[in-house]
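Below is one structure, written out as structure tokens; comments come after it.
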């Protein structure tokens, strides 16, 4: 169900098939991160610190409940729970969240932020062609990473020439992923469904996310009060990270909400 943890193993597994699959999954997760957050660098998306904290917390609570509700449905947001008729219908909640740009007067493509000491909540809404662009960029980032890694392995194997390296490269050569299908995009479109994926990292480097992926400063992203110092330590740069990707259709228009929760891991907070 794409409950992903960015926690690379200490050493690669001995089994070349397992090693190749884990490397490919790592590339998919990093492609997702880049496609979600590259808006300021590639598509003139703005960072807008205009998201009311009450609305941000409402989104966070609602999307977390959707995440919990899909425990037995994979990526799909499930139908109502007959055992709990008083709970909000998950599909209705998903639609409510996806249509917030209309009901709460929020722009699409941009990043709407709510900042508090040691915490940042980010909502980014996409609609129609913007969702197309996201999936195109997701696939492009993944393909570039995988192709580059294969080429590196080919060059290393020319001089290393050992059986484990050759077996690993052979497994890599077998792999080609169609990410829109992996994210069940055609299925969602055909049947009018809603899908939710998540990605979690106990520690994400805030400078990497801001400087490298978004082409902004950490202060632009988390605010001056939360920004790391001029000569930061690893701890200064470490933030807990949770990303939700909610997708579906409303009136034949494809919609997406990317919601991120960032919290400083420093004990001082």
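Points worth noting:
- Per the conditions (1) in contact with a helix residue (DSSP H, G or I) (Cβ under 6 Å, 6 or more places away or on another chain); (2) modelled with pLDDT of 85 or more; (3) in a loop (DSSP other than H, G, I, E, B), the sole criterion not satisfied by residue 51 is (1).
- Residue 58, sole failed condition from (1) buried (at least 18 other Cβ atoms within 10 Å of the Cβ); (2) part of a helix (DSSP H, G or I): (1)
- Restricting the range 61-77 to residues that are in a helix (DSSP H, G or I) and in contact with a helix residue (DSSP H, G or I) (Cβ under 6 Å, 6 or more places away or on another chain), the residue that is surrounded by the most Cβ atoms within 10 Å (Cβ to Cβ): 69
- Number of the exception - residue 45 against (1) surrounded by fewer than 19 Cβ atoms within 10 Å (Cβ to Cβ); (2) in contact with a helix residue (DSSP H, G or I) (Cβ under 8 Å, 6 or more places away or on another chain); (3) not in a helix (DSSP H, G or I): (1)
- Verdict on residue 34 being within 22 Å of residue 108 (Cβ to Cβ), surrounded by 14 or more Cβ atoms within 10 Å (Cβ to Cβ) and modelled with pLDDT of 95 or more: yes
- Qualifying residue in the range 100-119 (condition: out of contact with any strand residue (DSSP E or B) (no Cβ under 7 Å at 6 or more places or on another chain), over 21 Å from residue 58 (Cα atoms) and assigned to a helix (DSSP H, G or I)): no
- If you go through the range 181-219 and pick out every residue that is closer than 23 Å to residue 42 by Cα and free of Cβ contacts under 8 Å to residues at least 40 places away in the same chain, you end up with 9.
- The set of residues in the range 170-199 that are exposed (fewer than 14 other Cβ atoms within 10 Å of the Cβ), under 16 Å from residue 24 (Cβ atoms) and modelled with pLDDT of 95 or more comprises 178, 181.
- Selection status of residue 124, in contact with a helix residue (DSSP H, G or I) (Cβ under 9 Å, 6 or more places away or on another chain) and either surrounded by fewer than 19 Cβ atoms within 10 Å (Cβ to Cβ) or farther than 13 Å from residue 36 by Cα (or both): no
- Some residue of the range 89-96 being assigned to a loop (DSSP other than H, G, I, E, B) and farther than 27 Å from residue 228 by Cβ: yes
The values are calculated or read from the model by the stated rules, or taken from the named source; none is laboratory data. All values reported here derive from a predicted model rather than from experimental measurement. Here the Cβ is made from the backbone with ideal geometry for all residues, glycine too, and neighbour counts use every protein chain on show.
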